[in-house]
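Visitor: Handing you a structure now.
The values are calculated or read from the model by the stated rules, or taken from the named source; none is laboratory data. What you see is a predicted model; the values in this text were computed from it and never measured. Neighbour counts run over all protein chains shown; Cβ positions are idealised from the backbone, glycine included.
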Number of protein chains: 2
Amino acid sequence: MPDANPKPWTETTIVGKSIPRIDGPEKLSGEAKYTLDQNLPDMLYAATVRCPHAHARVTKVDVSRAAAVPGVRAILSDADKDCNIPWYRGSRLFDPHCRYEGEEVATVAAETQQQTWDAVRAIEVQYEKLPFVSSMVDALKPGASKVQDGGNIVQPNNFSRGDVAKGFAEADVVVEETFQTSCLLHTPVEVHGSVAHWEGDHLTIWDSTQFPFTTQAGVASALKIPLSKVRVIARHMGGGFGSKIDLSKYTVLAALLARKTGRPVKYCLSREEELLCVGNRPAHNLRLKAGVKKDGTLTAFELRGNSEIGAYPAGDSAAYLVRELYVCPNVKTEEAPVFINAGQSRAFRAPGFPQSAWALEQTMDTLAEKIGMDPVEFRLKNISMVCGVDGNKPYTSIGLPQCLREGAKAFGWTEARAKAKRDGPIVRGVGVASGMWGYLAPPISTAIVRFYADGSVNLNIGAADLGTGTRTIMAQVVAEELGVPMAQIEVENADTGTTQFSDGAGGSKTCMVDSPAVRTAALEVKARLLEMASAQLNVPVADLKLAGGEISGPGGNPKVAVGRLRTLQTQRVVVGVGTRAPHPADKAVRPFGTHFAEVEVNKRTGEVRVVRMLAAQDSGRVMNLLTYRNQVLGGMTQGIGFALTEHRVLDAGTGKMLNRNFHDYKIPTAMDVPADLTVLPIDPHDTEVNSTGTKGLGEPALVPAAAAIANAFYHATGVRLARAPITPAAVLEVLNAKRG
Amino acid sequence: MPDANPKPWTETTIVGKSIPRIDGPEKLSGEAKYTLDQNLPDMLYAATVRCPHAHARVTKVDVSRAAAVPGVRAILSDADKDCNIPWYRGSRLFDPHCRYEGEEVATVAAETQQQTWDAVRAIEVQYEKLPFVSSMVDALKPGASKVQDGGNIVQPNNFSRGDVAKGFAEADVVVEETFQTSCLLHTPVEVHGSVAHWEGDHLTIWDSTQFPFTTQAGVASALKIPLSKVRVIARHMGGGFGSKIDLSKYTVLAALLARKTGRPVKYCLSREEELLCVGNRPAHNLRLKAGVKKDGTLTAFELRGNSEIGAYPAGDSAAYLVRELYVCPNVKTEEAPVFINAGQSRAFRAPGFPQSAWALEQTMDTLAEKIGMDPVEFRLKNISMVCGVDGNKPYTSIGLPQCLREGAKAFGWTEARAKAKRDGPIVRGVGVASGMWGYLAPPISTAIVRFYADGSVNLNIGAADLGTGTRTIMAQVVAEELGVPMAQIEVENADTGTTQFSDGAGGSKTCMVDSPAVRTAALEVKARLLEMASAQLNVPVADLKLAGGEISGPGGNPKVAVGRLRTLQTQRVVVGVGTRAPHPADKAVRPFGTHFAEVEVNKRTGEVRVVRMLAAQDSGRVMNLLTYRNQVLGGMTQGIGFALTEHRVLDAGTGKMLNRNFHDYKIPTAMDVPADLTVLPIDPHDTEVNSTGTKGLGEPALVPAAAAIANAFYHATGVRLARAPITPAAVLEVLNAKRG
């Protein structure tokens, strides 16, 4: 039985290096097959009639004209009993009560994608329009139209520690501000989609999903078939960011249409459907009150918040950082998610955390200014070295002080702060913000390494690679332990039919959950190879070394090429199975990070330009410097979108989305992102979290970015713009108001 | 670490029952995808120009006209440097020296299969015809044309024990006869074929192969790419019988054409190509001399033999039974395979053994008659209870005496023998013959069982299912140990990309090699489930029982449904990995069998009709009574073909095959096989061979069949027809000769 918790590496030769993606050539050449590229013989296409109103009841669906459209092979609507599948909160697959613009009303399968669109237009639907609410402010008004029968407020989420009244009484300075963030839309490069294919009673689904095993479970449950009959494959992916965690209706619809027609069905969303329906980061209203003593000791935080979660339940607390990041004896947070008639929110890169940082880290800035402390020093003074929300457990490691210190040094914080430009039409300032990321208890996952007689390796893991480089990193772990060239390692992943369970690629946990399992599996293979060599060379295992495809005894003799191991030649392959040891029960695990930003504000146009940013991240060991950098650059980029450009716009008069395309919904382009982005990895040499020392990077790399930009905006302008995004119109409004 | 050698079953509830194939519905409905059914988008088809002469040298290949045929996308010939791939004995992929009718000269890929045939006809090839030999008699004549440079005789294969001269001197009776068997062609229902598909530098091959891992290794070696880059899939198969063990050229050609065109290529042989090229059971000439004392003690066997192995080396000894089946102190066997200009021989259901039985078991019949003993009694007296060719090791079990005794009783041997009809135009007689089967050391294989939280199971094994029911039997083992309904078990097999190594489905070893591995894997899952239940119920593992989806304590309490195990709910799946323990080193492993046949011979037409047969088989435990019966019925049926109808005919004038279709090459039809076929399983309760007590059934079920029919023919007619097949013409010839 392999040791599930081997000793951490002391030095590495392949892990940690800048190694290009093993699937880079495939992707660059167009050979890589994404779900959209999956074409099967006799495949049909699908498209859906979606409710065009913010709130309506379907009173009639007439598919007769659509059925006559050339190429149409099947139409599904609420009239089909196969479609009586429960969905969110007592609704069903085609619920006649449409609670947001974009809800599914009927779906067609046809020979070509064009024919599906013709058919969609030919389906006649009668709607009874209902009153709607399209903002949390409206939804909370007395007598507001109800999105869900139970009312518009979801079960509040409250937390309390100490006595905030006492805390504020003890404070020398108390500040209070309402921070607002906008609804941000999921925009993965690859749209959502599934291809469904039945062979007898076996269903195979190619799906662009972060959690193939969740899709498998959801589809099996929806169709009432055993898990073992559903195979979900997610080989290549163009991003997910949380929107591809949950099962979506299109996957089930593809499976139903394929079953009804006896043919494979591809159903990929259009970009417009993507923006309307696949989820979003909810807007938050966060009233944050904070107290501090003159010496910089925090005395109390009180947060009251609402979030606009759309038409169906979704959790997205923005209180995490307030509760945990800093030492503060008195904390109270009260949050209530609010339903509105719009697409529902879903997990989105660090759900709630960037919103939390937006409020907390701007407040920390204000407090520091009020007591005359440097913002970096003020944060350093207050960092909590134990996990205040989890029994004050120490962290397995905490590199946050290093992030602040080394980040400030590398950024030239003190100098830049001193050189801020406050005069003239274009002003300049710098800002800092910290963050962290916390996960649910990560599950056990299993990895299998197969070592072939010719020295090539097949690695089998359950996790999807969203484009983050998971396959490459896992192959590095194998290469590290077995001395096999990267080019000889094939990674088979994210296929519920052939790979082992993994909870999925989300929550920044893929690397921390799977890399230790891969390492254990590789070490088991190594142990087996050394045993074979020991028997063949008549040298004790302990005296043998595996390197460069050879196993050798003390001083290099005797030796044998791995390919010449007789037992291996006979059995052709050695199989190693590895699982991850659980986290130590008496420790908390968190990655941390601090971002620094410098911005210029054009006071005449209201434009804000990020001049440069630096991200110091503590995510434990750097597995691959190249993928690490890319993750952090992506985090900063999304932070710029959060801070400056992105927000869903719903029309007040109709409740319909006004910016359902990439022209009107503005994600940062190359013109909006500075060339001067610095990534500073901080490795606290965590020997307790797991055998690879990794803590997860995807989400923490975004968390503080927008808050750092907001603080830099304040530093440049002297005006706090508490509502994101900081658009030119909003900037001009506050600057004009200041001028009076 | 699971125990690789758990205690044998004492009783079973699912194993041993008549359970229909788990993939039966798929196959009957046509949903099951065989290699021929594998269609990929943009797939091309392939076809090959084959040498039309028995022996020739290619002097020119002009593809210019063929390249202009509509739809042609690639043509490969010996001119392409990619085709410089070594093949048998120093020849290469397109060897200009064509040693048999059907050797590959050039291959095309085109948009449709019809276009490939047009292109094949348009390729202009010039041949220099060479002298040929089309029988071993001709090949052994002085000055015969050489098939291979080294001459026409392959390295002889000799064996000797004791002193045969002394043995014959001690004998009371010595008999000697030349037995001849014909060349039998491989006729699996599904023709040979491959579909090759490149994605970047990854090659996937769907192949109708018994040994996917051998195909993987062969293709990787031919194309000089790592094993991990080649994935071979063989999901459903329509038979193999040994012809689908070795790598064939068409597989490599499909891969080369796919690489050259950048498109998937399907290459399936026509039935004519199948009969010409994919292998055969070689014809044997066997001169067997035997001595016996009056009391029935065997004193000596001397065998001299030749076999017609075609144009390339292949081993096929017919001496096995002579050396091992009976106690005989003096044995000498000398065999020399002979090259001729015809398609090469290949493994064919018990290679050499039916030929061996044809000579030995007819000789045993003659000896019994000469000394006036009943043939059953004579055999019983001489059965060797130890393995004479392997250091006189005892067998793990030997049910052969039971096969003879219980078979004779069930067949009504004594009565039927007494009632033989020797008068009139239609005579009737009965015959008996025994056999066994011996394997090479079976390899280790690995099985993986994944148990899902909903109680469904995924079983992962490397072995192909040729149509024998392997998937069903292995699922039964899982069902037996885990109490899961058969319908909840999915079997993933024979995919080098996703399943573990297995040596392949050949040599009757799949069941004996893989079922113990599957059992160990299932037991590991069971152990993990019991551990979970133990922790949850607070009951020691030893006191817990898993049955019917529940784990319960003593007397049924406390209990928990497997689906309610909290740890399972969290980790979703339990993975068990199992390997097979090696055979006990001090024992020999053999399955045995005895067949009884009753035949009628029409002395006016020469027709021989098998009236009934009974096969008593000792293959260890019966895993599934239904698949067991089918295997044995198939064995008897092929035995009828061997004895009465099948033989390749080469034209003496041209060396070309005259019966290259199912009209002229006669395999038994329903009209040739009696309804009265009895299968009598003999289970010696082998507790030593492995943890499932299985010894392999596929090949032994054929071995004695033809010899039993030949003995019945003798019993009916009083004439020994030593040459197979016993055709009407041959029968009339010997009967006329007897009449004088």
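Visitor: Given the criterion away from chain A (no Cβ under 14 Å), surrounded by fewer than 23 Cβ atoms within 10 Å (Cβ to Cβ) and closer than 30 Å to A:Ile489 by Cα, identify the matching residue among B:Asp207, B:Asp246. Lay out the reasoning, then the answer.
Guide: Numbers: B:Asp207 fails: surrounded by fewer than 23 Cβ atoms within 10 Å (Cβ to Cβ).
Of the residues listed, the single one that is away from chain A (no Cβ under 14 Å), surrounded by fewer than 23 Cβ atoms within 10 Å (Cβ to Cβ) and closer than 30 Å to A:Ile489 by Cα is B:Asp246.
Visitor: Which residues, counting only those in region A:419-456, are out of contact with any Gly (no Cβ under 6 Å at 6 or more places or on another chain), assigned to a strand (DSSP E or B) and at pLDDT below 95?
Guide: Hits for region A:419-456 are A:Lys421, A:Thr446, A:Ile448, A:Arg450, A:Phe451, A:Tyr452.
Visitor: Looking only at region B:87-110, filter to residues that are buried (at least 24 other Cβ atoms within 10 Å of the Cβ) and among the aromatic types (Phe, Trp, Tyr); which one of those is farthest from B:Pro52 (Cα to Cα)?
Guide: B:Phe94
Visitor: Does at least one position in region B:513-520 carry a residue that is closer than 19 Å to B:Phe213 by Cα, assigned to a helix (DSSP H, G or I) and within 13 Å of chain A (Cβ to nearest Cβ)? So that I can check it myself, show each step before the final result.
Guide: So the first thing to find is which residues in region B:513-520 are closer than 19 Å to B:Phe213 by Cα, and the list is B:513-515, B:517-518.
If we keep only those that are assigned to a helix (DSSP H, G or I) as well, we get B:513-515, B:517-518.
The next check asks that each one be within 13 Å of chain A (Cβ to nearest Cβ); those that pass are B:513, B:517.
Yes.
Visitor: Here is a follow-up. Among what's in region B:52-91 and is at pLDDT below 95 and touching a Pro at 6+ places or on another chain (Cβ under 9 Å), pick the residue that is farthest from B:Gly151 (Cα to Cα).
Guide: Per the criteria, the residue is B:Tyr88.
Visitor: Also, I was wondering about something else. Kindly indicate which of B:Ala196, B:Ala222 is more than 11 Å from chain A (Cβ to nearest Cβ), of a type in the set (A, V, I, L, M, F, W, C) and surrounded by 24 or more Cβ atoms within 10 Å (Cβ to Cβ). Full working, then the answer.
Guide: Working: B:Ala222 fails: surrounded by 24 or more Cβ atoms within 10 Å (Cβ to Cβ).
After ruling out the rest, the residue left standing is B:Ala196.
Visitor: While we're looking at this one, here's another question. Can you work out which of the residues in region B:419-454 that are within 14 Å of another protein chain (Cβ to nearest Cβ) and farther than 30 Å from A:Gly497 by Cβ is farthest from the chain's Cα centre (by Cα)? Spell out how you get there, then give the answer.
Guide: So the first thing to find is which residues in region B:419-454 are within 14 Å of another protein chain (Cβ to nearest Cβ), and the list is B:440-454.
Still in the list and also farther than 30 Å from A:Gly497 by Cβ: B:440-441.
Numbers: B:Leu440: 14, B:Ala441: 16 Å.
Going through the qualifying residues, I end up with B:Ala441.
Visitor: Does A:Leu184 satisfy being touching a strand residue (DSSP E or B) at 6+ places or on another chain (Cβ under 7 Å) and more than 14 Å from chain B (Cβ to nearest Cβ)? Can you show your working first?
Guide: On the way: touching a strand residue (DSSP E or B) at 6+ places or on another chain (Cβ under 7 Å): yes; more than 14 Å from chain B (Cβ to nearest Cβ): yes.
Yes.
Visitor: Here's a follow-up. Considering only residues that are more than 9 Å from every other protein chain (Cβ to nearest Cβ) and not in a loop (DSSP other than H, G, I, E, B), look in region A:11-30 and name the one that is farthest from A:Pro70 (Cα to Cα). Even if it seems obvious, please write down each step before you answer.
Guide: First pass over region A:11-30, keeping only residues more than 9 Å from every other protein chain (Cβ to nearest Cβ): A:11-22, A:24, A:27-28, A:30.
Those still in the list that are not in a loop (DSSP other than H, G, I, E, B) too: A:24, A:27-28.
Working: A:Gly24: 41, A:Lys27: 36, A:Leu28: 37 Å.
Per the criteria, the residue is A:Gly24.
Visitor: Restricting to strands (runs of 3 or more DSSP E) lying wholly in region B:532-645: which have 1 or more residues that are more than 14 Å from every other protein chain (Cβ to nearest Cβ) and closer than 21 Å to B:Asp514 by Cβ? Lay out the reasoning, then the answer.
Guide: Working: elements: B:545-547, B:550-552, B:559-561, B:573-579, B:592-602, B:608-618.
Filter on region B:532-645 gives B:608-618.
Visitor: Hey, among A:Thr414, A:Thr468, which residue is out of contact with any Pro (no Cβ under 7 Å at 6 or more places or on another chain) and part of a loop (DSSP other than H, G, I, E, B)? Outline the logic, then answer.
Guide: Working: A:Thr414 fails: part of a loop (DSSP other than H, G, I, E, B).
Step by step, each of A:Thr414, A:Thr468 is checked, and only A:Thr468 is out of contact with any Pro (no Cβ under 7 Å at 6 or more places or on another chain) and part of a loop (DSSP other than H, G, I, E, B).
Visitor: Could you list, in sequence order, the residues of region B:336-352 that are outside any loop (DSSP other than H, G, I, E, B) and buried (at least 24 other Cβ atoms within 10 Å of the Cβ)? Break it down stepwise before answering.
Guide: Going through region B:336-352, the residues outside any loop (DSSP other than H, G, I, E, B) turn out to be B:336-339.
Residues satisfying the conditions are B:Pro337, B:Val338, B:Phe339.
Visitor: Only residues in region A:572-594 that are under 22 Å from A:Gly435 (Cα atoms) count as the first member; pair them with residues that are modelled with pLDDT of 85 or more and polar (S, T, N, Q), Cβ under 6 angstrom, at least 6 apart or cross-chain, and list the lot.
Guide: From region A:572-594, the pairs are A:Lys587/A:Thr396; A:Val589/A:Thr396; A:Pro591/A:Ser619; A:Gly593/A:Gln617; A:Thr594/A:Ser434.
Visitor: Still on this structure, please answer the following. Pick from B:Val191, B:Val147, B:Val125, B:Val175: which is in contact with a Phe, Trp or Tyr (Cβ under 6 Å, 6 or more places away or on another chain) and not in a helix (DSSP H, G or I)? So that I can check it myself, show each step before the final result.
Guide: Values: B:Val191 fails: in contact with a Phe, Trp or Tyr (Cβ under 6 Å, 6 or more places away or on another chain); B:Val125 fails: in contact with a Phe, Trp or Tyr (Cβ under 6 Å, 6 or more places away or on another chain); B:Val175 fails: in contact with a Phe, Trp or Tyr (Cβ under 6 Å, 6 or more places away or on another chain).
The conditions single out B:Val147.
Visitor: Looking at (1) surrounded by 15 or more Cβ atoms within 10 Å (Cβ to Cβ); (2) closer than 30 Å to A:Asp672 by Cβ; (3) among the aliphatic types (A, V, I, L, M), which one does A:Leu625 not meet, given that it meets all the others?
Guide: Here A:Leu625 clears every test but (1).
Visitor: Further, regarding this structure: Might you check whether a residue that is loosely packed, with under 15 Cβ neighbours inside 10 Å, more than 14 Å from chain A (Cβ to nearest Cβ), at pLDDT 95 or above and assigned to a loop (DSSP other than H, G, I, E, B) occurs anywhere in region B:31-51?
Guide: Looking through region B:31-51, none of the residues is loosely packed, with under 15 Cβ neighbours inside 10 Å, more than 14 Å from chain A (Cβ to nearest Cβ), at pLDDT 95 or above and assigned to a loop (DSSP other than H, G, I, E, B).
Visitor: Residues being surrounded by 24 or more Cβ atoms within 10 Å (Cβ to Cβ) and part of a loop (DSSP other than H, G, I, E, B): count how many of those fall in region A:485-500.
Guide: Of the residues in region A:485-500, 4 are surrounded by 24 or more Cβ atoms within 10 Å (Cβ to Cβ) and part of a loop (DSSP other than H, G, I, E, B).
Visitor: Being surrounded by fewer than 22 Cβ atoms within 10 Å (Cβ to Cβ) and modelled with pLDDT of 95 or more is the requirement here; does B:Lys332 meet it?
Guide: Numbers: surrounded by fewer than 22 Cβ atoms within 10 Å (Cβ to Cβ): no; modelled with pLDDT of 95 or more: yes.
Considered against the rule, which asks whether it is surrounded by fewer than 22 Cβ atoms within 10 Å (Cβ to Cβ) and modelled with pLDDT of 95 or more, B:Lys332 comes out as no.
Visitor: Looking only at region B:317-329, how many residues end up being surrounded by fewer than 24 Cβ atoms within 10 Å (Cβ to Cβ) and modelled with pLDDT under 95?
Guide: The total comes to 1.
Visitor: Answer yes if at least one residue in region B:291-307 is surrounded by fewer than 23 Cβ atoms within 10 Å (Cβ to Cβ) and touching a Pro at 6+ places or on another chain (Cβ under 6 Å), and no otherwise.
Guide: No, the conditions are met nowhere in region B:291-307.
Visitor: Another question about this same structure. Which residue out of A:Gln362, A:Gln355 is outside any strand (DSSP E or B), of a type in the set (S, T, N, Q) and in contact with a strand residue (DSSP E or B) (Cβ under 6 Å, 6 or more places away or on another chain)?
Guide: Working: A:Gln362 fails: in contact with a strand residue (DSSP E or B) (Cβ under 6 Å, 6 or more places away or on another chain).
That would be A:Gln355, the only listed residue that is outside any strand (DSSP E or B), of a type in the set (S, T, N, Q) and in contact with a strand residue (DSSP E or B) (Cβ under 6 Å, 6 or more places away or on another chain).
Visitor: Would you mind telling me which numbered condition in (1) over 17 Å from A:Val175 (Cα atoms); (2) surrounded by fewer than 21 Cβ atoms within 10 Å (Cβ to Cβ) A:Gly372 fails?
Guide: Against the list (1) over 17 Å from A:Val175 (Cα atoms); (2) surrounded by fewer than 21 Cβ atoms within 10 Å (Cβ to Cβ), A:Gly372 comes up short only on (1).
Visitor: Would you confirm whether any residue within region A:294-307 is assigned by TED's automatic domain parsing to the domain that holds A:Leu702, of a type in the set (D, E, K, R) and not in a strand (DSSP E or B)?
Guide: Residues of region A:294-307 assigned by TED's automatic domain parsing to the domain that holds A:Leu702: A:294-307.
Restricting the remaining residues to those that are of a type in the set (D, E, K, R) gives A:294-295, A:302, A:304.
From what's left, not in a strand (DSSP E or B): A:294-295.
Scanning region A:294-307, I find at least one residue that is assigned by TED's automatic domain parsing to the domain that holds A:Leu702, of a type in the set (D, E, K, R) and not in a strand (DSSP E or B), so the answer is yes.
Visitor: On the basis of being within 14 Å of chain A (Cβ to nearest Cβ), at pLDDT 90 or above and in a helix (DSSP H, G or I), does B:Ala463 make the cut? Explain how you work it out, then say what you get.
Guide: Values: within 14 Å of chain A (Cβ to nearest Cβ): yes; at pLDDT 90 or above: yes; in a helix (DSSP H, G or I): no.
Taking the combined requirement at face value, the residue does not satisfy it.
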